[in-house]
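Please read the structure below before turning to the comments.
The values are calculated or read from the model by the stated rules, or taken from the named source; none is laboratory data. On a predicted model such as this, the values are computed, not experimentally measured, just so you know. So basically every Cβ, Gly included, is an ideal-geometry build from the backbone, and we count neighbours across all protein chains shown. Only protein heavy atoms, including side chains, enter the accessible area calculation; ligands, DNA and RNA are left aside. Shrake-Rupley method; radii C 1.70, N 1.55, O 1.52, S 1.80 Å.
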Amino acid sequence: MARSAVDVGPVSGESARPYITACDYSENADYLLFIQELRVRTNLARANVVLDVGSGPGTLCSLLKDERPTAVVIGIDASPEMIRHSTQTYGNVRFIHGDAQALPLQSDSIDLIVSLNALHHFTSQNTPIREFLRVLKPGAFAYLGDLRRDAPETEVSAKLNRMHPEIREDFLRSLDSAFESGEVMEAVQLAGAFECAVRPAGRFIHHLDRVPADPLHHELDLSLSFRATFRKP
């Protein structure tokens, strides 16, 4: 299945508010699980400057700040509505309106880059990943997670059968705009990263103690997602 551009671009305008309402709560299992992964898979415990690319409503940034109170946490998003909301809601984090394909940050300035459920909004996977490597300090890590277009059809069908009809179309737009795991791996390797790994999300979290409880029953979709980790030389 060829990649579609239907969900490329920032979540802004009228589409931003429903996303914020659905996702911006600190018990969100997607965010809490991602924090657990970062503890095990990255240098989060030693990172003094952490960048969240595609920070959306800012919730993950706030949890990162709770995890690393002495660190500078920066969220960047291309949606003015997301930046406005996150700036007003999370005052202990620095938020920047900007494009992942031309990050408004100095080279060699970031200890850890994270990005969750944002890559499918980018025009290309190649330019953002090159930008990630540019702003990372030598030896620093990036850790990404998103839907994968090559998810098993049986898992996609099962997901659609569980979903309310009104949100199935939105999910399919995101999936059609997502990259395949191999495409992400190719982009990471071409960019010159070290210690590259791109795998289905479930293979990255088997060692974790538990999946966090979610009061809104947010579904993690681990079989439909990938995790990518790499390091700057």
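Take Leu32 and tell me if it is outside any loop (DSSP other than H, G, I, E, B), over 25 Å from Lys232 (Cα atoms) and in contact with a Ser or Thr (Cβ under 9 Å, 6 or more places away or on another chain).
Details: outside any loop (DSSP other than H, G, I, E, B): yes; over 25 Å from Lys232 (Cα atoms): yes; in contact with a Ser or Thr (Cβ under 9 Å, 6 or more places away or on another chain): yes.
Yes: the conditions hold for Leu32.
Considering only residues that are open to solvent by 70 Å² or more (accessible area, probe 1.4 Å) and touching a helix residue (DSSP H, G or I) at 6+ places or on another chain (Cβ under 6 Å), which ones fall in segment 182-210?
The answer is none; no residue qualifies.
If you go through segment 11-35, how many residues are open to solvent by 70 Å² or more (accessible area, probe 1.4 Å) and closer than 21 Å to Ile83 by Cβ?
So in segment 11-35, the residues open to solvent by 70 Å² or more (accessible area, probe 1.4 Å) come out as 14, 17-19, 21, 27.
When the remaining residues are screened for being closer than 21 Å to Ile83 by Cβ, the result is 14, 17-19, 21.
Going through segment 11-35 one residue at a time, the tally reaches 5.
Could you count how many residues in segment 29-72 are farther than 18 Å from Pro212 by Cβ and acidic (Asp, Glu)?
Result for segment 29-72: 1.
Looking for whichever is in contact (Cβ under 8 Å) with a residue 24 or more places away in the chain and closer than 20 Å to Arg227 by Cβ here; the options are Ala29, Ala78. Which one fits?
Values: Ala78 fails: closer than 20 Å to Arg227 by Cβ.
Being in contact (Cβ under 8 Å) with a residue 24 or more places away in the chain and closer than 20 Å to Arg227 by Cβ holds for just one of Ala29, Ala78, which is Ala29.
Quick grid of which residues meet (1) charged (D, E, K, R); (2) in a helix (DSSP H, G or I):
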site: Ala142; (1), (2): no, no
site: Leu147; (1), (2): no, no
site: Val156; (1), (2): no, yes
site: Arg173; (1), (2): yes, yes
site: Glu183; (1), (2): yes, yes
site: Gln189; (1), (2): no, yes
site: Pro212; (1), (2): no, no
site: Ala228; (1), (2): no, no
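Out of Ser177, Ser157, Ser181, report the one residue that is more than 16 Å from Arg41 (Cβ to Cβ) and touching a His at 6+ places or on another chain (Cβ under 7 Å). Walk me through it before giving the result.
Values: Ser157 fails: touching a His at 6+ places or on another chain (Cβ under 7 Å); Ser181 fails: touching a His at 6+ places or on another chain (Cβ under 7 Å).
The unique qualifying residue is Ser177.
Among the residues of segment 88-133, what is the count of those that are of a type in the set (Lys, Arg) and within 18 Å of Arg231 (Cα to Cα)? First the steps, then the outcome.
In the first step, residues of segment 88-133 are kept if they are of a type in the set (Lys, Arg); the result is 94, 130.
From what is left, the residues that are within 18 Å of Arg231 (Cα to Cα) are 130.
Of the residues in that region, 1 qualify.
Just checking, how many residues over segment 204-218 are over 19 Å from Ser157 (Cα atoms) and under 17 Å from the mean Cα position of the chain (by Cα)? Break it down into steps so the answer makes sense when it comes.
Within segment 204-218, the first condition is being over 19 Å from Ser157 (Cα atoms), and the residues that meet it are 204-217.
After this cut, where a residue has to be under 17 Å from the mean Cα position of the chain (by Cα) as well, the list is 204-205.
Going through segment 204-218 one residue at a time, the tally reaches 2.
For segment 219-233, what are the residues that are surrounded by 17 or more Cβ atoms within 10 Å (Cβ to Cβ), more than 21 Å from Val156 (Cα to Cα) and not β-branched (Val, Ile, Thr)? Working first, answer last.
Just the residues of segment 219-233 that are surrounded by 17 or more Cβ atoms within 10 Å (Cβ to Cβ), to begin with: 220-222, 224-232.
Checking which are more than 21 Å from Val156 (Cα to Cα) leaves us with 229-232.
Answer for segment 219-233, where residues must be surrounded by 17 or more Cβ atoms within 10 Å (Cβ to Cβ), more than 21 Å from Val156 (Cα to Cα) and not β-branched (Val, Ile, Thr): Phe230, Arg231, Lys232.
Scan segment 36-48 for residues that are at pLDDT below 95 and surrounded by fewer than 21 Cβ atoms within 10 Å (Cβ to Cβ) and jot them down.
Gln36, Arg39, Val40, Arg41
Quick one: which residue in Leu160, Leu133 is hydrophobic (A, V, I, L, M, F, W, C) and under 21 Å from Ala22 (Cβ atoms)?
Values: Leu133 fails: under 21 Å from Ala22 (Cβ atoms).
Every option except Leu160 fails the conditions.
Would you be able to tell me the number of residues in segment 151-179 that are under 26 Å from Gln36 (Cβ atoms) and either without any contact (Cβ under 8 Å) to a residue 40 or more places away in the chain or open to solvent by less than 40 Å² (accessible area, probe 1.4 Å) (or both)? So that I can check it myself, show each step before the final result.
As a first pass, look at segment 151-179 and keep what is under 26 Å from Gln36 (Cβ atoms): 151-152, 155-156, 158-159, 162-163, 171, 174-175, 178-179.
Now narrow it down to the ones that are either without any contact (Cβ under 8 Å) to a residue 40 or more places away in the chain or open to solvent by less than 40 Å² (accessible area, probe 1.4 Å) (or both): 151, 156, 158-159, 163, 171, 174-175, 178-179.
The qualifying residues number 10.
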